[in-house]
Ligand SMILES: NC(=O)c1ccc[n+]([C@@H]2O[C@H](COP(=O)([O-])OP(=O)(O)OC[C@H]3O[C@@H](n4cnc5c(N)ncnc54)[C@H](O)[C@@H]3O)[C@@H](O)[C@H]2O)c1
Ligand SMILES: Nc1nc(=O)c(N)c(NC[C@H](O)[C@H](O)[C@H](O)COP(=O)(O)O)[nH]1
């Protein structure tokens, strides 16, 4: 069994999620960040790859105090569980994701065991896989500890692996009103291309701020 897995990502019109520097580019408008905050609040866990932690240093917490309050009223923690996929435990000790605002799980492999002690002082470390984190086992584990809605906030390398494993149920993509360009800029799905393109079904499409918010169901064949 696995949670319902959905991606939320902000993209430029040319499909880029950052520029060639790989530093964070603000693509979302205010309305979109509010939408993302609500999605976070209605998720049990939020997952990112270590590439995103190293580039963006996200906190992955719910910003709106009322949404955190509603979670507590519903018997949940203020913030969803944060999950980092980090094969070699490269996570910096001062990463925001390791602060005490939410429960954090760092998923690593047998190659990441050297730093386990250090990280364990700040987060829960789980080991799944030898070279790359085994995402199927990780998602099964998350289901076992009660995660039913898993939000994936990137980046493109992690999303590619999850798609290959047929783990993603839905994409929420916000297209900001910009073109970033650059052959080496990260895209929504990086890594190798698919022999057969992954098919999607459009759920909804709406103007949001100055951009477009789209939802897509993944159709695996
Ligand atoms: N615009 C947005 O919404 C948004 C959101 C997130 C990230 N980003 C951007 O994306 C970029 C980072 O993305 P990225 O692709 O470099 O990194 P990523 O966040 O996808 O992390 C990938 C890393 O995770 C690790 N990993 C472990 N097991 C894995 C597995 N089974 N499959 C895949 N990866 C595994 C590997 O070390 C791999 O290099 C940054 O530039 C960031 O700004 C943008
Ligand atoms: N939704 C969204 N729109 C963007 O324009 C953008 N650049 C990101 N980038 C993803 C980034 O890695 C983080 O998810 C948050 O942008 C960081 O915010 P927090 O500190 O977690 O609140 N995400």
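Structure data summary
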{"item": "At R0 = 25 Å, FRET efficiency that the Cβ-Cβ distance of residue 34 and residue 78 yields, to 0.05", "result": "0.90"}
{"item": "Computed label-point distance, nm, for sites residue 121 and residue 166 using a 7 Å Cα→Cβ extension", "result": "4.4 nm"}
{"item": "Inter-probe distance in nm under a simple model that places probes 7 Å from Cα toward Cβ, at residue 54 and residue 66", "result": "4.0 nm"}
{"item": "Counting all C-alpha pairs of the chain, share separated by more than 26 Å (%)", "result": "34 percent"}
{"item": "Gain upon complete extension [residue 206, residue 20; 0.36 nm per residue less C-alpha separation]", "result": "64.1 nm"}
{"item": "Relative contact order of segment 4-219, pairs being alpha-carbon contacts under 8 Å that are 6 or more residues apart, as %", "result": "32 percent"}
{"item": "Sites residue 137 and residue 100 - FRET efficiency at Förster radius 25 Å, r taken between beta-carbons, to 0.05", "result": "0.40"}
{"item": "Two-site label geometry, residue 148 and residue 192: point separation in nm, points 7 Å out along Cα→Cβ", "result": "3.7 nm"}
{"item": "Helix-derived mean residue ellipticity, 222 nm - over the chain, DSSP H n ≥ 4, -39500 (n - 2.57), to 500", "result": "-6500 deg cm²/dmol"}
{"item": "Antiparallel DSSP beta bridges within the chain, as percent of all bridges there, nearest 5", "result": "40 percent"}
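A short reminder: the numbers here are calculations on the coordinates, not readings from a lab. Computed from a predicted structure; not experimentally measured. Every residue, glycine as well, gets a Cβ built from its backbone with ideal geometry; the counts of neighbours run over all protein chains shown.
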